[in-house]
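*Asks:* Below you'll find the structure I mean.
The values are calculated or read from the model by the stated rules, or taken from the named source; none is laboratory data. This is a predicted model, so every value here is computed, not measured. FYI the Cβ positions are ideal-geometry reconstructions off the backbone, even for glycines, and counts take in every protein chain you see.
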Amino acid sequence: MTGYGEGRSGDATTAIRVEIRAVNARHFKLHLRTPDGYSALEPRIEAAVKKRLKRGSLSIVVREDRSGGGEPIRIHAAALLSYRKQVVAALASEGLGDAPSIDALLALPGVVVDEGGDAVDVDKAWAVVAAALETALDAVDAMRRAEGAAMQRDLAENCRQVADELSAIAERTPGVVTQYRDRLLDRVRQLTAGTELPVTPADLAREVALFADRCDVSEEMVRLRSHLQQFEQIIAEEAAEASGPGADGAGRKLDFLTQEMFREANTIGSKANDATIARHVVQIKALIERMREMVQNVE
């Protein structure tokens, strides 16, 4: 799920700001950017994030603001002038008169020197970074929980609608066999009118029984209702868990259940042999597909 968080922390000389942006992704993916001198903290930052977030594409930026110790950034004037002289000479030798831009020269190695980046006390810096990171993670978690609560309500409503469609199918099912029997009797009467072909009630009853067996969807409906109950139970338990979603792979369980529900709905549609039931099945499949798309973003 998506989320944004920002945290700040600092001491007498250094202030740290951590910004986190999280978007949906099937796996955990981290893009981390730290100031010069803080690269040794990146494994610690990643480990701390993984304890809180199990999946998603995350972009984390750590920024530093130093208030003491003079100017940490210095331009190496000799290197800048040497680069310019050599570039101008090379261009002139090729008959090119354009002078190099200052932006291009400043980007060359050794022109801009960070004299403060290598003077970071890693253990001391980690205490400040960790505090800002936890604040940012708390904010991300709060946004994800709010989004999760909204998804939980939407998923529960979709389950209720699927159950309503199943109830409508259950009411319609007995009439399918009755209508088939009536149509069969009419066709038999039309075909045997004016003839002496014997058609016994037992023959008709056997044919109707075969049809009823072929279009019986009671088992599929029982399984689909069972999947719905399990689905609702999982999302209710996850909503009540203080540790938040993702502790036991709820997203994978819900995804599996939606696949099974879709399978049962397909079987009901293929066996029912009735246009009215087919319309209810189409609605059920649309609801399940909506549920499947949502649970892709659940940990």
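*Asks:* Do we have any residue at all in segment 84-93 that's under 17 Å from ALA127 (Cβ atoms), free of Cβ contacts under 8 Å to residues at least 24 places away in the same chain and surrounded by 11 or more Cβ atoms within 10 Å (Cβ to Cβ)?
*Replies:* no
*Asks:* Let me ask you something else. Quickly run through segment 16-44 and pick out the residues that are in contact (Cβ under 8 Å) with a residue 60 or more places away in the chain and aliphatic (A, V, I, L, M).
*Replies:* Once the filter is applied, which keeps residues that are in contact (Cβ under 8 Å) with a residue 60 or more places away in the chain and aliphatic (A, V, I, L, M), segment 16-44 yields ILE16, VAL18, ILE20, ALA22, ALA40, LEU41.
*Asks:* Is it the case, given these coordinates, that VAL120 is within 41 Å of the chain's Cα centre (by Cα), at pLDDT below 80 and surrounded by 16 or more Cβ atoms within 10 Å (Cβ to Cβ)?
*Replies:* Judged against the criteria, VAL120 is a match.
*Asks:* For segment 11-33, does any single residue satisfy the condition of being over 30 Å from PRO100 (Cβ atoms), modelled with pLDDT of 90 or more, crowded, with 16+ Cβ neighbours inside 10 Å and polar (S, T, N, Q)?
*Replies:* No, segment 11-33 contains no residue that is over 30 Å from PRO100 (Cβ atoms), modelled with pLDDT of 90 or more, crowded, with 16+ Cβ neighbours inside 10 Å and polar (S, T, N, Q).
*Asks:* Out of THR173, THR258, report the one residue that is of a type in the set (Ser, Thr, Tyr), modelled with pLDDT of 85 or more, assigned by TED's automatic domain parsing to the domain that holds ALA275 and surrounded by 15 or more Cβ atoms within 10 Å (Cβ to Cβ).
*Replies:* Only one candidate passes the filter, namely THR258.
*Asks:* Can LEU58 be described as in contact with a helix residue (DSSP H, G or I) (Cβ under 6 Å, 6 or more places away or on another chain) and surrounded by 15 or more Cβ atoms within 10 Å (Cβ to Cβ)?
*Replies:* no
*Asks:* Let me confirm something: among LEU133, LEU96, which residue is in the same structural domain as THR34 (by TED's automatic domain parsing), over 14 Å from ASP11 (Cα atoms) and either at pLDDT 80 or above or part of a loop (DSSP other than H, G, I, E, B) (or both)?
*Replies:* LEU133
*Asks:* Identify all residues within segment 189-227 that are of a type in the set (Asp, Glu) and modelled with pLDDT under 80; write none if there are none.
*Replies:* GLU196, ASP203, GLU207, ASP213, ASP216 - these are the residues of segment 189-227 that are of a type in the set (Asp, Glu) and modelled with pLDDT under 80.
*Asks:* Okay, next question. Got a number for residues in segment 148-166 being of a type in the set (D, E, K, R), touching a residue at least 24 places away in the same chain (Cβ under 8 Å) and exposed (fewer than 15 other Cβ atoms within 10 Å of the Cβ)?
*Replies:* 1
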